[in-house]
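Structure, as structure tokens:
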Amino acid sequence: MLGWHSFSPDLPVGRLDLHVSQRRALLIVRYELVGTLIRGERADALGALVACAAAIAQRLKTDINVGNGCLEWQLAPDRAIAMQQAFPGFRRVRKTKPLKRGMHYLRLDP
């Protein structure tokens, strides 16, 4: 994602790594934000990235019938609690076959 950073427009401020499955939810497997963003900017950038990923999940489902329209987020246990508080639309889900062992998963339904 490009944004305003270090007094310049259109600089990379964050990115999401997504896993696309034919029949399952679009999965955020990793996120990364520029380390020099201030606290408010970090929250705004991450919120914009998550909103973009949710829109992508919907478009994949409606336009080309890929996935189920949901967005899931794979996080370490300590980060999952913080992200669920920051993004109350996400709910915790249990995976019978997690992509990565020991991770927690949050889901945003359409």
message: Six or more apart or on different chains, Cβ atoms under 9 Å: show the pairs whose first residue is in region 90-105 and β-branched (Val, Ile, Thr) and whose second is open to solvent by 50 Å² or more (accessible area, probe 1.4 Å).
response: Val93/Arg107
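For every residue, the table says whether it meets (1) under 17 Å from Leu75 (Cα atoms); (2) of a type in the set (Ser, Thr, Tyr); (3) open to solvent by less than 50 Å² (accessible area, probe 1.4 Å); (4) modelled with pLDDT of 90 or more.
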residue	(1), (2), (3), (4)
Gly3	no, no, yes, no
Pro12	no, no, no, no
Leu18	yes, no, no, yes
Arg24	no, no, no, yes
Val29	yes, no, yes, yes
Gly35	no, no, no, no
Gly40	no, no, yes, no
Ala54	yes, no, yes, yes
message: Exactly one of these conditions fails for Asp44: (1) open to solvent by 60 Å² or more (accessible area, probe 1.4 Å); (2) among the acidic types (Asp, Glu); (3) not in a helix (DSSP H, G or I). Give me its number.
response: (3)
Within region 63-86, tally of residues that are part of a loop (DSSP other than H, G, I, E, B), under 26 Å from Gln22 (Cβ atoms) and either open to solvent by 20 Å² or more (accessible area, probe 1.4 Å) or out of contact with any strand residue (DSSP E or B) (no Cβ under 7 Å at 6 or more places or on another chain) (or both): 4
Condition met for Gln85 (under 15 Å from the mean Cα position of the chain (by Cα), polar (S, T, N, Q) and farther than 18 Å from Pro110 by Cβ): yes
Of the criteria (1) closer than 23 Å to Arg101 by Cβ; (2) touching a strand residue (DSSP E or B) at 6+ places or on another chain (Cβ under 7 Å); (3) not polar (S, T, N, Q), which one Pro12 fails: (1)
- prompt: Which one is most open to solvent (accessible area, probe 1.4 Å) among residues in region 87-103 that are closer than 16 Å to Arg30 by Cβ, touching a strand residue (DSSP E or B) at 6+ places or on another chain (Cβ under 9 Å) and not hydrophobic (A, V, I, L, M, F, W, C)?
  reply: Lys100
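The values are calculated or read from the model by the stated rules, or taken from the named source; none is laboratory data. From a predicted model like this one, the values you see are computed outputs, not experimental measurements. Positions of Cβ are backbone-derived with ideal geometry, glycine not excepted, and every protein chain shown enters the neighbour counts. When the accessible area is computed, the model is the full protein with side chains, heavy atoms only, and any ligands, DNA or RNA have been set aside. Shrake-Rupley method; radii C 1.70, N 1.55, O 1.52, S 1.80 Å.
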